[in-house]
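Chemist: Submitted below is the structure of interest, expressed as structure tokens.
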Amino acid sequence: MHTASSRQLMAVTVYATAFGLLAGMAGCAQPSLLITPVSKRRDLVETELWRESWWALDKIALISVTGTLTNTHRRQLWGEGEHSVSLLLEQLDKARRDRLVKGVVLRISSPGGTVVASELMHDEITHFKKSGKPIIAVMMDVATSGAYYIACACDEILAQPSTVTGSIGVIMQTFDVTGTMNLVGVKSDAITSGEFKDIGSPLRKMRPEERELFQHVVNDMYERFVDVVVEGRSDLDEAAVRRLADGRIYTATQALEAGLIDRIANLREAVGMVKERIGSKRIRFVTYTRPFGYRPNYYAQTPYAIGDINLLNIDVPGWPYHTTPQFLYIWAPGAY
């Protein structure tokens, strides 16, 4: 005797089959319905993108960093999105623990993000390099500010011919709603324990002394950014980096001429460079995905999160939800 769930499954299968037959008789392309059991586990799974030989053992792992870099879960329409820092660490750890993975290609497509997220991701890449496995960054559409920050931790930096990079610097974004408050007749009245306890409040005008304090913080974070670039780009001294680090963006050609990247190349060429470093002639190129997150090749994109702006290839990091100032390594002029 069938259970209720079994009868429901049979009914769905019968209806799907009947619909397919009717569509076929009507001259339409036949839709298909695949019912398969799936695991509830969300651990990363390895997907082989290509194999150069059936006898190849060595692997090169493709790890992607996309979207705005935040030290929190991204907001999505259906449930909670990935945590940028956590996902990168999980992927790096999987590549590090696998003895057959000999090197990593880090694909970057991001306008940057928060200062802390950028620093943490840079630190995790630096830690991964202690394993002795090479890691080469390949910039895609946009790899600016915090995204360039993390690229500086890699052994080499490559860019596509049309990549936009640079925007080395810091921005602290806040807003002032006092004009709107005046229109509706609302006034703010904060009771604080000190003169600067409500510094950065959008409910009143910023005082000159407060702006000066914020500027000192931004300057300190900028100095850290400059140090990271100097450390990661051995051919550039501090004076050269400071000349380049005024917030402007660069094309791939300009970045190459300035010494911000090592060469203009695509992903296949990056794989070839890793092969040379590890001394392998035949490799397997793999990536790591969540269940249901299969990507057929290395050009496939990750699902867009709410806030993605496709034309600018950036996503808004939920800034309307923050009532306190944020310190950002980011280039997103359309969002701020």
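The values are calculated or read from the model by the stated rules, or taken from the named source; none is laboratory data. Worth saying up front: this structure is predicted, and the values here are computed from it rather than measured. Counting neighbours? That spans all protein chains shown, and the Cβs are built from the backbone with ideal geometry, glycine included.
Chemist: Please verify whether segment 235-257 includes one or more residues that are in contact with a Cys (Cβ under 9 Å, 6 or more places away or on another chain), modelled with pLDDT of 95 or more, surrounded by 12 or more Cβ atoms within 10 Å (Cβ to Cβ) and not basic (Lys, Arg).
Modeler: no
Chemist: Is there a residue being assigned to a strand (DSSP E or B), surrounded by 21 or more Cβ atoms within 10 Å (Cβ to Cβ) and of a type in the set (S, T, N, Q) anywhere in segment 77-91?
Modeler: Checked against the condition, which is being assigned to a strand (DSSP E or B), surrounded by 21 or more Cβ atoms within 10 Å (Cβ to Cβ) and of a type in the set (S, T, N, Q), segment 77-91 yields no hits at all.
Chemist: State the number of residues belonging to segment 168-193 that are touching a residue at least 12 places away in the same chain (Cβ under 8 Å) and either loosely packed, with under 10 Cβ neighbours inside 10 Å or of a type in the set (Val, Ile, Thr) (or both).
Modeler: 7
Chemist: Please go through segment 156-189 and give me each residue that is in contact with a Ser or Thr (Cβ under 9 Å, 6 or more places away or on another chain) and of a type in the set (Ser, Thr, Tyr), ordered by number.
Modeler: Residues satisfying the conditions are 162, 163, 165, 167, 174, 178, 188.
Chemist: Here are some residues: 167, 201, 193, 188. Which one is in the same structural domain as residue 273 (by TED's automatic domain parsing), within 30 Å of residue 261 (Cα to Cα) and not β-branched (Val, Ile, Thr)?
Modeler: On the way: 201 fails: within 30 Å of residue 261 (Cα to Cα); 193 fails: within 30 Å of residue 261 (Cα to Cα); 188 fails: within 30 Å of residue 261 (Cα to Cα).
Every option except 167 fails the conditions.
Chemist: Within segment 92-118, can you find the residues that are part of a helix (DSSP H, G or I) and surrounded by fewer than 21 Cβ atoms within 10 Å (Cβ to Cβ)?
Modeler: Within segment 92-118, 93, 94, 96, 97, 116 meet the criteria.
Chemist: Still on this structure: When you look at residue 38, is it assigned to a helix (DSSP H, G or I), modelled with pLDDT under 80 and loosely packed, with under 15 Cβ neighbours inside 10 Å, yes or no?
Modeler: Answer is no for this residue.
Chemist: Return the residues of segment 103-119 that are under 15 Å from residue 288 (Cα atoms) and touching a Pro at 6+ places or on another chain (Cβ under 9 Å); say none if nothing qualifies.
Modeler: Scanning segment 103-119 gives 103, 104.
Chemist: Looking at 146, 103, can you tell me which residue is touching a Phe, Trp or Tyr at 6+ places or on another chain (Cβ under 9 Å) and touching a residue at least 24 places away in the same chain (Cβ under 8 Å)?
Modeler: Within the list 146, 103, the selection yields 146.
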